[in-house]
1. Taking the stated definitions as given, is A:Leu68 within 29 Å of A:Thr47 (Cβ to Cβ), open to solvent by 60 Å² or more (accessible area, probe 1.4 Å) and touching a strand residue (DSSP E or B) at 6+ places or on another chain (Cβ under 9 Å)?
2. Pairs only if they're at least six apart or on different chains, beta carbon under 7 angstrom, first in the range A:61-90 and over 15 Å from A:Ile5 (Cα atoms), second among the hydroxyl-bearing types (Ser, Thr, Tyr); list them, first residue then second.
3. List the helices (runs of 4 or more DSSP H) that sit entirely inside the range B:71-144 and contain at least 3 residues that are more than 23 Å from B:Ser269 (Cβ to Cβ), touching a residue at least 60 places away in the same chain (Cβ under 8 Å) and not acidic (Asp, Glu).
4. When the residues of the range B:205-219 are narrowed to those that are open to solvent by 60 Å² or more (accessible area, probe 1.4 Å) and under 13 Å from A:Asn101 (Cα atoms), which ends up nearest to the other protein chains (Cβ to nearest Cβ)?
5. Quick check: is even one residue across the range A:315-322 part of a loop (DSSP other than H, G, I, E, B), free of Cβ contacts under 8 Å to residues at least 12 places away in the same chain and touching a Phe, Trp or Tyr at 6+ places or on another chain (Cβ under 9 Å)?
6. Starting from residues that are without any contact (Cβ under 8 Å) to a residue 60 or more places away in the chain and either among the hydroxyl-bearing types (Ser, Thr, Tyr) or away from chain A (no Cβ under 14 Å) (or both), keep the ones in the range B:298-320 and report whichever is surrounded by the most Cβ atoms within 10 Å (Cβ to Cβ).
7. With the checklist (1) within 14 Å of another protein chain (Cβ to nearest Cβ); (2) over 30 Å from A:Asn145 (Cα atoms) in hand, flag the one item B:Ala278 doesn't pass.
8. A:Leu102 - would you say it is assigned to a helix (DSSP H, G or I), at pLDDT 90 or above, within 14 Å of chain B (Cβ to nearest Cβ) and out of contact with any strand residue (DSSP E or B) (no Cβ under 8 Å at 6 or more places or on another chain)?
Amino acid sequence: MAELILKTLTKVYTQAQSAAVDELNLGVRDGEFIALLGPSGCGKSTTLRMVAGLESVTSGEIRIGNKLVNDLHPKDRGVGLAFENYALYPPLKVRDNLAFNLRAHGLGAKEINRRVDEIARTLQIQELLDLKPAALSSGQKQRVNMARAMVRRPSVLLLDEPLSHLDARLRVELRTEIKRLHAEQRFTTVIVTHDQLEAMALADRIAVMNEGKLQQFDTPLEVFNHPANEFVAGFLGEPPMNIFRTAVADSRRLVIPDTDFALPIMPAIQKLVGSRKELKLGIRPWGIRVSQTQTDGAVPGVVVVVEDLGDETRVGIRYGEVLIMSSIPVTRRYRPGLPVFLNFNEEDLNLFDPMTGERLSDGSDSSNQPYENAAENEIQAPVSR
Amino acid sequence: MSTTLSSPQTQPSALPPEGSASKESSAHARRRRFRPYLVLAPALILTIGIFIPFIAAICLSFTDYSLNSSDVSFIGFDNYLSMLQSSDFWHSLGITIEYAFLCTTVEMLLGVGVALLLNDENIVARFLRIVLIFPLMIAPVIGTLIWKLITNPSVGILVGPMRMIGLGDFKWAASPDSAMFSLVVVDAWVYTPFVIILVLAGLRSLPKSPYEAALIDGGSPWFVFKNLTLPMLAPVLLITLVFRLMLSLQEFSIIFALTEGGPGDATMSLSLQAYNRAFPFYGLAEAIPMMLFLWALVYLVSFILIGFWRRAQQRAAGVA
Ligand SMILES: Nc1ncnc2c1ncn2[C@@H]1O[C@H](COP(=O)(O)OP(=O)(O)O)[C@@H](O)[C@H]1O
Ligand SMILES: [Mg+2]
């Protein structure tokens, strides 16, 4: 087990116009579980494959346990990789799939059997040991795939979308399993996923990526509550955060031009707004309260959509081009055409620069600051965006 | 020879749906009814074309038919018995098996080795992969004559180099001691590219991802070859082996062009033995039992190997 540090790691595939991974900085602590989260094609697998040594590095550094491994053969890096497509050895039984690495390293037959049986017990695949991969279901293949990555006791365990090919029930089951395994074995683990729930549920910290660039690297709650930019804000959460462009009217109100939307600028965000003429406002659906009585600072509107989901009711209010969704406790009170008033929770407001999409920050909010004063600066590589 | 392989498997299946026939013209219906048989006709003709000579040959083998006499009488199994009692036959059988075994072994080892080397993305490999097809376009007889030319004691280009390594008086096909060796060299020279091409095609169709897994798992190239490549490649190897065994057991043209079975009868394989009996010595009826024996041998070997191939295929797919 060891820490994993990526420094300005970059990969440009030959004949590609842009970098698949662009100056990625990431520090994973010893024993930590992090998730690489991002949409399909954002460079997650490429990052993992570079760490494993299956792709060459265009520039930057990969350090495992403080040792530069850029030019090390994959087998000497001490990594275990659970492949996105399983990549099991088709002609070999599960037992021999698991033993491949141990045999290649010349371990004795007794020790090999012991370790294979042990990992098979951990992942509950004992009864599969004498089957060939073709006879396994996808859930079983995924378990074998992970067992093969873990049986060597890697310094860094890399899991590439281990849950994405499974059906919903199996996914939740294996997710719990992975969490338990990590608590038990404490491998430094990087899991790749495009599923935000998976990342939130599993990881100590989440690295959100988009188009090869790191967007934010922080704990699940920080990433969720204080997204570093518009992309992260929009990517996490279901239903997604309401993000819309507003103009600043006489330094006192945020308005959507030509509509009734007018939100008084609260003291808490006064400083952030400053002298801006325009900004983007972000608020999660459950940060908006809907009522039928006018209160101070409430925004008037008319209901256009109502979705009753059983455990919550979603109410949509339209202002010109903008549809604002709110999520409220179940009620039968609202129906389309009803005039209502929206109350925005002050602490749930997120402000973004309308040009760059960056979160507006006054510096007092430490959530998206680099860990510049942390003692273990090396490990907690600066968050870049 | 290979009647069993070409027996038609297709079944007529173009029966018109019920009820529609009455509405159609009778000419159309008739055409429809005959269509399946028309489609089968080429296979039928081919089968008959192979069967008739085959049956005729078997019939002839029970007579004393000869190319230079006109009266033919039935003599039962005499031709077969005399074949089994003739030492020439057993000698030729030994030569045939030796030849097939040596050629196949050399070509498979060499072919797999070279294919592994060429299964790489560099300029040399890419160039050689294209060039490899050319030797296969040359008829084996021509290939043999080319080889004869380059080992010719007075004009051959190989004589100089042979002299340099102290083998200036190496006799090649002219000496009974080295005739078989020369044959194997020529056969390998002619047919190894065939093995290389088949094995290369097999190698290039293997899945890539297990090799990435093996890269991380580690292990020497030999370890990976033995545990991963060999089992996955086994079906292709076995099919290649079947082809080479079948053809080298029956090989005629190379031996005929290089040694004519000599010196003496040092390289007199069954094909040559039968040919010699049938034509220079007019004993066609005597030659047929040998050809039938050879056919049975080839059939048996192929049958066994194809059984192995089926199992290897299942194993490679991970089914068995
Ligand atoms: N072998 C390759 N050659 C060229 N481009 C590639 C290759 N592999 C991936 N890419 C490109 O790099 C980008 C990132 O891919 P990938 O890392 O697989 O994304 P993710 O795993 O996040 O879905 C994509 O645009 C993809 O098309
Ligand atoms: Mg991927």
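The values are calculated or read from the model by the stated rules, or taken from the named source; none is laboratory data. Remember, predicted model here, so these are calculated numbers, not experimental data. For neighbour counting, all protein chains shown are included, and Cβ atoms are generated from backbone atoms with ideal geometry for every residue, glycine included. The area values use the complete protein model at the heavy-atom level, side chains included, leaving out ligands, DNA and RNA. Shrake-Rupley method; radii C 1.70, N 1.55, O 1.52, S 1.80 Å.
1. Against the criterion (within 29 Å of A:Thr47 (Cβ to Cβ), open to solvent by 60 Å² or more (accessible area, probe 1.4 Å) and touching a strand residue (DSSP E or B) at 6+ places or on another chain (Cβ under 9 Å)), A:Leu68 qualifies.
2. That search, which allows pairs on different chains as well, returns A:Phe83/B:Ser209; A:Glu84/A:Ser45; A:Asn85/B:Ser209; A:Ala87/B:Ser209.
3. Details: elements: B:78-85, B:87-118, B:123-131.
Passing ranges, in order: B:87-118.
4. Within the range B:205-219, the match that is nearest to the other protein chains (Cβ to nearest Cβ) is B:Leu215.
5. The first filter runs over the range A:315-322 and keeps only residues part of a loop (DSSP other than H, G, I, E, B), leaving A:320-321.
Filter once more, so that each one left must be free of Cβ contacts under 8 Å to residues at least 12 places away in the same chain: A:321.
With touching a Phe, Trp or Tyr at 6+ places or on another chain (Cβ under 9 Å) added as a condition, the list becomes A:321.
Within the range A:315-322, one or more residues are part of a loop (DSSP other than H, G, I, E, B), free of Cβ contacts under 8 Å to residues at least 12 places away in the same chain and touching a Phe, Trp or Tyr at 6+ places or on another chain (Cβ under 9 Å).
6. Narrowing the range B:298-320 to residues without any contact (Cβ under 8 Å) to a residue 60 or more places away in the chain: B:300-301, B:303-304, B:307, B:310-311, B:314, B:317-320.
So of that shortlist, the ones also either among the hydroxyl-bearing types (Ser, Thr, Tyr) or away from chain A (no Cβ under 14 Å) (or both) come out as B:300-301, B:303-304, B:307, B:310.
Working: B:Leu300: 10, B:Val301: 17, B:Phe303: 11, B:Ile304: 11, B:Gly307: 11, B:Arg310: 13.
Checked the range B:298-320; the qualifying residue surrounded by the most Cβ atoms within 10 Å (Cβ to Cβ) is B:Val301.
7. (1)
8. Numbers: assigned to a helix (DSSP H, G or I): yes; at pLDDT 90 or above: yes; within 14 Å of chain B (Cβ to nearest Cβ): yes; out of contact with any strand residue (DSSP E or B) (no Cβ under 8 Å at 6 or more places or on another chain): yes.
Yes.
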